[in-house]
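A quick write-up on the structure given underneath.
Every number in this text was worked out from the coordinates using simple rules, so none of it is lab data. Every value quoted in this text rests on a predicted model; they were computed, and no experiment measured them. We place every Cβ from the backbone using ideal geometry, glycine too, and count neighbours over all the protein chains shown.
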Amino acid sequence: MPREVLFVKYYEKGSTDIAADQMAPALRARGVPSRSVGAAELRGVRGAALVFVKRADLLDLVRGRLAGCRLVIDVHDTVVFRRGVRWSRLYHGMIFRNRRALADFGRGRPTDVVIPHHWDERYAPHEAPMDRLRLCFLGDPRSAPFEEPLPGVELVFDDWFARARAFNAHLSIRRPGREALYKPNLKVATAAACRALLVTTRDESALEHLGPDYPFYTEPDRDSVIASIARAERLLGGAEWERALAILDGVRERTALPRITERYQELLARLG
C-alpha cells in the first residue's frame, strides 16, 4: 500500500467534510497513515496516494505523477454537471458513488470502484413522536425540490444534525436526467441513520440501496409528491412503514463508517 493517504481539497464544504475530513481519521484508526489536506500542501509529497475530492488541477496531477504518487479522483456528483471525468487517463483509480456512474464513466480497471457515502455519525435516531407525520427536507436552499413550498414539509437548511431529531420522515426528490442518474446516496443514508422514513424518487442511488420494492417511492412531479406525502401520513406506523424502516436499517448497516472504511482499504490495497 502507499505509505500515506492524502485526501486533497480545494475548498471547504459538506462534501469535503464527509469525504475527506471524516475518512482520514477513520483510516488512521485502522493503522493507515492518512490526513486531509488543502491542495497547497502537496508540494514535496512523494509516494503517497492522493485522493482528490470532486476536482483536481492538472498541474497537481502532473506533479503527483512525477513524484511517484498514486492518483485517485472521488467523482462524487461532478458528473451531474459535466459530461465526464476530466483527465481520467491520469488517474490510477476512480471512486464513484453509485453503479450507474461507474458503468457510464469508469475505465474498466479494478481500481475504478463504487464506494457509497457513509452516513455522518453526528446524526442519531430521531426523537419525534409518532402521533403524526413530521416530514423534512434536509439540504441546501439551492437543492430544494420545488420553488413553492410543499404542504407539510419543513425545509431544514441549517443545523441539520440537531434539527433532524425532530422529524420521523425525510424527503428526497431527484430531478429526471443526470441528477436522477448520478446523484450520490447521501440522502438515503442520512434517513437510515436517523431511522426516519424516506419518501424518495426512483433515482439510481435510491434503487441501488432500497431495491425496486421499497414502498414509499414517488414520481418527481409536484402533484405526485404531494400524493405520496399524503399516503405516508395515512400509513404512519403501519406495516408498510415498518417494512420501509427494515429496508433502511439494512442501508444503515451497509453505509456505516466502519463498513465504508473497509471499502477504502480494499481500494488502497489494489492501488499498491
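Annotations
- Near the amide H of residue 155, within less than 5 Å, lie the amide hydrogens of 137, all on another chain or at least 5 residues away, with H placed in the peptide plane.
- Here the 3J(HN,Hα) profile of segment 78-92, calculated from phi with Karplus coefficients 6.51, -1.76 and 1.60 at θ = phi - 60°, is 5, 6, 5, 9, 10, 6, x, 9, 5, 6, 4, 5, 7, 8, 7 Hz, Gly and Pro shown as x.
- Overall form of segment 55-150: prolate. Here a/c, set by the Cα gyration tensor axes a ≥ b ≥ c, is 1.5 or more, and a/b is the larger of a/b and b/c.
- Highest to lowest packing among 167-175, 90-98, 205-213, scored as the average C-beta count within 10 Å: 167-175, 90-98, 205-213
- FRET efficiency for the residue 66 to residue 262 pair, using the beta carbon distance and R₀ = 30 Å, is estimated at 0.45.
- Of all complete DSSP H helices in the chain, those with a Cα span along the helix axis of 15 Å or greater and a mean Kyte-Doolittle hydropathy of -0.5 or more are 222-234, 239-254, 257-271.
- Inverse mean reciprocal Cα-Cα distance (Kirkwood Rh) of segment 222-272, Å: 13.8
- C-alpha center-to-center spacing [segment 66-139, segment 196-237] in angstrom: 22
- Relative contact order of the chain, defined on C-alpha pairs under 8 angstrom at six or more residues apart (%): 18
- Approximate shape of segment 135-254 as ellipsoid semi-axes (Cα gyration tensor, √5λ), whole Å, largest first: 18, 16, 16
- Integer Hz, Karplus 6.51/-1.76/1.60 couplings in order for segment 135-152, x for Gly and Pro: 10, 9, 10, 9, x, 8, x, 5, 9, 4, x, 9, 5, 8, x, 8, x, x
- Overall form of segment 1-56 per C-alpha gyration tensor (a/c, 1.5; a/b vs b/c): oblate
- Spin-label pair residue 158-residue 242: with each label point 7 Å from Cα along the Cα-Cβ axis, the two points sit 4.0 nm from one another.
- Normalising the Debye intensity of the chain to I(0), with uniform scatterers on Cα atoms only, and taking log10 at q = 0.16 Å⁻¹ returns -1.19.
- Cα principal axis extents for segment 99-178, largest first, Å: 50, 30, 22
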